[in-house]
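The block underneath contains the structure these notes are about, expressed in structure tokens.
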Amino acid sequence: MAFPNVSDIIATTIQSRTRKLADNVTKNNALLAKLNTKGKIKTASGGNQIYQELTFAENSNAGWYSGYDFLPVGASDVISAAEFDWKQAAVPVVISGLEQLQNAGREQMIDLMEGRMSVAEATLSNLVTEGLYSDGTGSGGKEVTGLDAAVPTDPTTGTYGGINRATSTNAFWRSKIVDAGVVTSSTIQGKLNELWANLVRGSDSPDLIIMDNAYWLLYVASLQAQQRFNGTETGDLGFPTLKFMHTDVVLDGGIGGFMNSSTAFMLNCDYLHFRPHKQRNMVPLSPNRRYATNQDAEVQIIAWAGNLTSSGAQFQGRLEDT
């Protein structure tokens, strides 16, 4: 006979594992790790959309004065908000009635569920990570509005966060792009310098550079000639890193990487935000038991909802052979 508390084992196994899942996803991605260290992962509590506040102009009342000059006190509208849709992802964990019978002992059932959960966690982690690089149009527009939308190949077109980048009055909402052309190990640092110069404002500068395999290899080769390695230590994010200026350069390629080919993102993570819903951040969709109506099976669903948002598109850059 089936173990009498099998449903409880399924539920408690998922509950205990998903408490760590959100943290594991963060640690598995350089962008999320950086956002986490800067306090830019902030849950949202609801609403039709996720609103990300931003400043788009200086206060027009500012100016010089002398003595008893009148000071302007007119209303100065300098704060607005970008609007981002909620995006949702889920991974069902399924166990059939036959598997419940075959794994009737408590230890056997826990082993089975641990294996299923490990696969589900890896799958959801990869799904969210892939979404972080997308333009939000995948899966019929259900995918995360990722870096391909925040830092596109043509930042003068399209709407991002509800703001039309094609309008000249919204030039503040345009990221920067440097056409790298045919990059070599002798030219890649010059291209990075060019992009860097377009993204610095006083002490405000990029704090994370993510590269695909091709650009990473070229950058490594450019450093080898000058013997400027940081060694094989891991950076502050827990990933093996190199440095450009003072900024970590991270490879997000390797096995199963999701970066576009021949691409580097130069990011200022002070203006990027990961906004999961506080009630749907890698958690069971429902604590109740779910049974298939026409199958001998039980299902538990791990779910996530949220989006990647930006409060400063002009501080983000992209190097690519366009």
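Scanning region 174-205 for residues that are closer than 19 Å to Ala313 by Cβ, basic (Lys, Arg) and not in a loop (DSSP other than H, G, I, E, B) turns up Lys176, Arg201.
As for region 159-170, it holds at least one residue that is over 26 Å from Ile302 (Cα atoms), out of contact with any Lys or Arg (no Cβ under 9 Å at 6 or more places or on another chain), in a helix (DSSP H, G or I) and not small (Gly, Ala, Ser). Looking only at residues of region 143-161 that are surrounded by 14 or more Cβ atoms within 10 Å (Cβ to Cβ) and of a type in the set (D, E, K, R), we find that the one that is nearest to Phe84 (Cα to Cα) is Glu143. For region 49-70, the count of residues that are at pLDDT 85 or above, part of a loop (DSSP other than H, G, I, E, B) and not hydroxyl-bearing (Ser, Thr, Tyr) is at least one. Of all residues in region 177-217 being among the small types (Gly, Ala, Ser) and under 25 Å from the mean Cα position of the chain (by Cα), which is nearest to Thr247 (Cα to Cα)? The residue in question is Ser205.
Here Arg116, Arg106 are screened, and the one residue that is basic (Lys, Arg), modelled with pLDDT under 80 and surrounded by 15 or more Cβ atoms within 10 Å (Cβ to Cβ) is Arg116. Pairs meeting the criteria (first residue in region 91-105 and assigned to a helix (DSSP H, G or I), second residue small (Gly, Ala, Ser) and at pLDDT below 75, beta carbons under 8 Å, at least 6 apart or on different chains) are Gly97/Ala2; Gln100/Ala2; Leu101/Ala2. Here is the figure for region 225-256: residues that are polar (S, T, N, Q), modelled with pLDDT under 75 and either touching a Gly at 6+ places or on another chain (Cβ under 7 Å) or surrounded by fewer than 14 Cβ atoms within 10 Å (Cβ to Cβ) (or both) total 4.
Of all the listed residues (Thr123, Thr157), the sole one being within 18 Å of Met282 (Cβ to Cβ) and polar (S, T, N, Q) is Thr123. Note on region 196-222: residues that are surrounded by fewer than 20 Cβ atoms within 10 Å (Cβ to Cβ), touching a strand residue (DSSP E or B) at 6+ places or on another chain (Cβ under 8 Å) and among the aliphatic types (A, V, I, L, M) amount to 2. For region 258-295, the candidate set comprises residues that are small (Gly, Ala, Ser) and crowded, with 18+ Cβ neighbours inside 10 Å; within that set, the residue that is modelled with the highest pLDDT is Ala264. Which one is surrounded by the most Cβ atoms within 10 Å (Cβ to Cβ), of the residues in region 125-142 that are aliphatic (A, V, I, L, M) and out of contact with any Leu (no Cβ under 7 Å at 6 or more places or on another chain)? Of everything passing the filter in region 125-142, Val128 is surrounded by the most Cβ atoms within 10 Å (Cβ to Cβ). Just to be sure I understand the filter: pairs with C-beta atoms under 6 Å, separated by 6 or more residues or on different chains, first member in region 147-165 and at pLDDT 95 or above, second member part of a strand (DSSP E or B) and among the hydroxyl-bearing types (Ser, Thr, Tyr). Which pairs pass? Cβ pairs passing all conditions: Ala149/Tyr160; Ala150/Ser310.
The values are calculated or read from the model by the stated rules, or taken from the named source; none is laboratory data. Just so you know, these numbers come straight off a predicted model, no measurement behind them. Glycine also receives a Cβ, built like all others from the backbone with ideal geometry; neighbour counts cover every protein chain displayed.
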